[in-house]
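The values are calculated or read from the model by the stated rules, or taken from the named source; none is laboratory data. Remember, predicted model here, so these are calculated numbers, not experimental data. Quick reminder, even Gly has a Cβ in these numbers, built from the backbone with ideal geometry, and neighbours come from all protein chains shown.
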Amino acid sequence: MEYSAGTIDLSPQSDDLGSPCLNRHRPLLQVTVKKLALFIQTLVFYDMKKTVTKTGKTAALTYWVVINCKTILIKDEDSGYNKNLFCIPKHYEEDIERVFIPHGLILDRTERLARDIMQDMGSHHIVALCVLKGGYKFFADLLDHIKALNQNGDKSVPVTVDFVKIKSYCNDSPTEKISIVGEELSALNGKNVLVVEDIIETGRTMKALLSKLKDYEPKMIKVVSLLIKMTNRSPGYRPDYIGFEIPDKFVVGYALDYNEYFRDLNHICILKEKAKEKYKI
Ligand code: HPA
Ligand code: MG
């Protein structure tokens, strides 16, 4: 796919033709749009902090536009917020380094994800499939927003729920073995299935789950993940909807855990190294 700033159509519309005022300003308008496109390009490349060739630039810009327009990108240098500015449960105060994504921001982003999902999937019965345990908070909040859209919109569809449980982490490292424990999922047959996940790192777990779900022949499968990590361990899997794209840091809170701790923390936070030792198994 090629990105081209020249795709902006400035050709006269039928009702423009007779307007001397608009015709007079058209050359100026064209120059302004070109300058604007160049300015945006410059900003984008400054942001990428990469030296690339001219052809590389086009490819890299395409990549940037496609990848980053649909998510909130949190960069490596964004370290979050001082934890003392937020309410943290007393029992975790010593363990948290920084608040990374405040709870309110998670909820606001989730509201918009619900709208995007309903636009794409909301014409047919949806089965929302929660990936436990880490996905349960995001799942509950996302479904509240979907219910609100169903309640207040011109059209609505039934939404039923199902759950699968996956364990792929021990301490802060992925385990070799992924275990998927689920109920009978025959209810997925012929439905629009929305898989709701907390975090995707390599996509290894999600790919294993998706291949299992396809056996039930759903009408459609879409994946929403609250977080996706930028890591060179990933072969490039990206879900259909992404809440936030985050750096390669271990995060907890909002149901994401470290050996089962920190699920009972509202904000997504970064742990202190000594907390990793404290809760290690
Ligand atoms: N936190 C919690 N669980 C996880 C993470 C993380 O950063 N990455 C993959 N599973
Ligand atoms: Mg998960």
Among what's in segment 137-164 and is in a strand (DSSP E or B) and of a type in the set (A, V, I, L, M, F, W, C), pick the residue that is farthest from residue 252 (Cα to Cα). 159
So which residues in segment 235-263 are aliphatic (A, V, I, L, M) and either closer than 21 Å to residue 167 by Cβ or assigned to a loop (DSSP other than H, G, I, E, B) (or both)? 251, 252, 255, 256
Could you pull out the residue among 264, 257 that is near ligand 1 (Cβ under 10 Å from one of its atoms), surrounded by fewer than 21 Cβ atoms within 10 Å (Cβ to Cβ), closer than 17 Å to residue 139 by Cα and assigned by TED's automatic domain parsing to the domain that holds residue 135? 257
Output the number of residues of segment 141-151 satisfying the condition of being within 16 Å of ligand 2 (Cβ to nearest atom) and closer than 13 Å to residue 195 by Cα. 1
Touching a residue at least 12 places away in the same chain (Cβ under 8 Å) and crowded, with 17+ Cβ neighbours inside 10 Å: is that true of residue 146 in this structure? yes
Inspect all residues belonging to segment 120-132 and state whether any of them is surrounded by 19 or more Cβ atoms within 10 Å (Cβ to Cβ), assigned to a helix (DSSP H, G or I) and at pLDDT 95 or above. yes
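Residues are listed down the side, and each one gets a yes or a no for (1) within 14 Å of ligand 2 (Cβ to nearest atom); (2) within 25 Å of residue 266 (Cα to Cα); (3) touching a residue at least 40 places away in the same chain (Cβ under 8 Å):
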residue	(1), (2), (3)
153	no, no, no
167	yes, yes, no
188	no, no, yes
215	no, no, no
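Does segment 149-177 hold any residues that are away from ligand 1 (no atom under 13 Å from the Cβ), charged (D, E, K, R) and surrounded by 13 or more Cβ atoms within 10 Å (Cβ to Cβ), and which are they?
162, 165
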Residue under evaluation residue 220, criteria (1) more than 30 Å from residue 87 (Cα to Cα); (2) modelled with pLDDT under 95, criterion not met: (2)
Quick one: how many residues across segment 181-208 are among the acidic types (Asp, Glu), in a strand (DSSP E or B) and more than 11 Å from residue 223 (Cβ to Cβ)? 1
In segment 80-111, what residues are surrounded by 14 or more Cβ atoms within 10 Å (Cβ to Cβ) and either without any contact (Cβ under 8 Å) to a residue 60 or more places away in the chain or in a loop (DSSP other than H, G, I, E, B) (or both)? 80, 81, 86, 88, 95, 102, 105, 107, 111
Looking only at segment 178-209, how many residues end up being of a type in the set (D, E, K, R) and within 14 Å of ligand 1 (Cβ to nearest atom)? 4
Taking segment 214-225 as the search range and keeping residues that are away from ligand 1 (no atom under 11 Å from the Cβ) and buried (at least 22 other Cβ atoms within 10 Å of the Cβ), which one is farthest from residue 252 (Cα to Cα)? 223
Only one of 89, 158 is touching a strand residue (DSSP E or B) at 6+ places or on another chain (Cβ under 8 Å) and assigned by TED's automatic domain parsing to the domain that holds residue 232, namely 158
Looking at 99, 196, can you tell me which residue is away from ligand 2 (no atom under 16 Å from the Cβ), touching a Phe, Trp or Tyr at 6+ places or on another chain (Cβ under 6 Å), modelled with pLDDT of 95 or more and under 26 Å from residue 80 (Cα atoms)? 99
Residue list for segment 250-281, filter: among the basic types (Lys, Arg) and either within 16 Å of ligand 2 (Cβ to nearest atom) or under 11 Å from residue 134 (Cα atoms) (or both): 263
